[in-house]
Every structure is written in C-alpha cells, then in structure tokens.
Amino acid sequence: SNTVGDGNTAVGVSALNSNIADGNTAVGSHSLSSNTSGTGNTATGTGALTLSNADNNTANGGGALFSDTTGGGNTAIGRNALVVNTVGAGNTAVGWNALSNNVSGNGNIALGGSAGSNVATASNVISIGLAGEDVDNSCYIGNIVAQPGGSQAVYVNGLGKLGAQVSSRRVKDEIKPM
C-alpha cells in the first residue's frame, strides 16, 4: 500500500500496492502494483505496468507494459502493447499487441494491431500495419507493396520524406500516343 509517495492516485485491487514514489496514477487491478521507485507513470487497465519501477511510462490497456522493469519513457496503448518489454526505452506502441515481443529495443514505433510484433531487440524500427522485422533502423509500412500499376521505386529525400519520382513529359523524347 502507498504510505510514503505524494501525488498518487490508485483505483483497483492492488493498484500501486508497493508504491513509495511520487506522481503515479494507477487505475485497474494490479496496475503499477510492484512499483517502488518509478515516478510520473500512468497505468490504466488490469495488469498495466505491473512489474515496473521505471519513470515516465504511459500504459493504457490490460497488460500494456506488463513486464517493464526499468525501461522508461514508453507509451503503450492497447491490450498487451509492449507486454514483454523489460528494459526498452522510448518506444511507442499503439494497437492491440503492438510491439508485443519487444524486450530491449529502444525508440521503436508501431501503429496497428500486432504491428511491430516481430521486433524483439532491434532499435529505431517503424512498423505501420505490419509485424516488421527485428532489424535496427528499419521501416515497414503496410499496403505499399503489390499495388496496381506495377512496381515503382519509392525514394526518401534528405528530410526523410517518402515519395515516388514524378515522370515529366518535358524531359522525354519521342513520346507517342498509346
């Protein structure tokens, strides 16, 4: 039970059960129940941030960031988002089971149900609508492949913007009607 920490809110069986830190919010059975030193956390949902002692995590959804112990600055929204993350920091997972197998990767972003679920230890992976792969500094975006019109190269400019090279009539010779 919270006996020392200030500015905490706990609602639910065993929510903030071991807490002696400040500025935490736990809503749901066993949310933040093992926290003793982590500050600035928000856990909403049964078992959200259950094992955590890290700072500045947000977990919304049953089991979100359940196993997190020291990984701070994570955001998990959706049931079992970042569920096995233990030490990974600065991750953002939005969707049911998003980044669900990430244990120690940092700075990953996953959007969509089960997005990023193949990422376990890699860092700086972006997965939108796909499971992705466990490869550092990579990007996986669903619904780009196998589009009508054949294959077309996709380019990334110096600012990181994705795009396709535009075809221009003014730089072509001998254009004939089809």
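Note on the chain: Cα convex hull, mean projected area over all directions, 12.4 nm². With one equal scatterer per alpha carbon and no solvent term, the Debye-computed log10 I(q)/I(0) for region 1-88 at 0.26 1/Å reads -1.19. Return the carbon/sulfur percentage of the accessible area of the chain, one whole number, probe 1.4 Å, all protein chains in place. Of the solvent-accessible surface of the chain, carbon and sulfur hold 55 percent.
Taking 0.36 nm per residue of sequence separation and removing the Cα-Cα distance, the ILE20/THR69 pair yields an extension gain of 16.1 nm.
Summarising the strand pairing of the chain, around 10 percent of its internal DSSP beta bridges are antiparallel. Applying D = kT/(6 pi eta Rh) to region 64-108, where Rh is the Kirkwood radius over alpha-carbon pairs, T corresponds to 25 °C and eta to 0.890 mPa s, the Stokes-Einstein value obtained is 263 µm²/s.
For the chain, what is the accessible area per residue in Å² when the probe is 1.4 Å? Intermediate results must be reported in sequence, preceding the final value.
Values: 9420 Å² over 178 residues.
Value returned for the chain: 53 Å² of accessible area per residue.
Placing pseudo-labels 7 Å out from each Cα toward the beta carbon at VAL156 and VAL103 gives an inter-label distance of 2.7 nm. In the frame of its principal axes, region 66-147 has Cα extents of 42, 24, 16 Å, reported largest first.
Put simply, the amide H of ILE141, placed in the peptide plane, has neighbours under 5 Å in ILE128, leaving out anything fewer than 5 places away on its chain.
Among VAL119, VAL94, VAL156, the largest mean-square fluctuation in a Gaussian network model of the chain, built with springs joining Cα atoms closer than 10 Å, belongs to VAL156.
The values are calculated or read from the model by the stated rules, or taken from the named source; none is laboratory data. Here the structure is a predicted model, which is why all the values come from computation and not from measurement. As a convention, Cβ positions derive from the backbone with ideal geometry for all residues, glycine included, and neighbour counts pool all protein chains shown. Heads up: the accessible areas ignore ligands, DNA and RNA and are worked out on the full protein's heavy atoms, side chains in. Shrake-Rupley method; radii C 1.70, N 1.55, O 1.52, S 1.80 Å.
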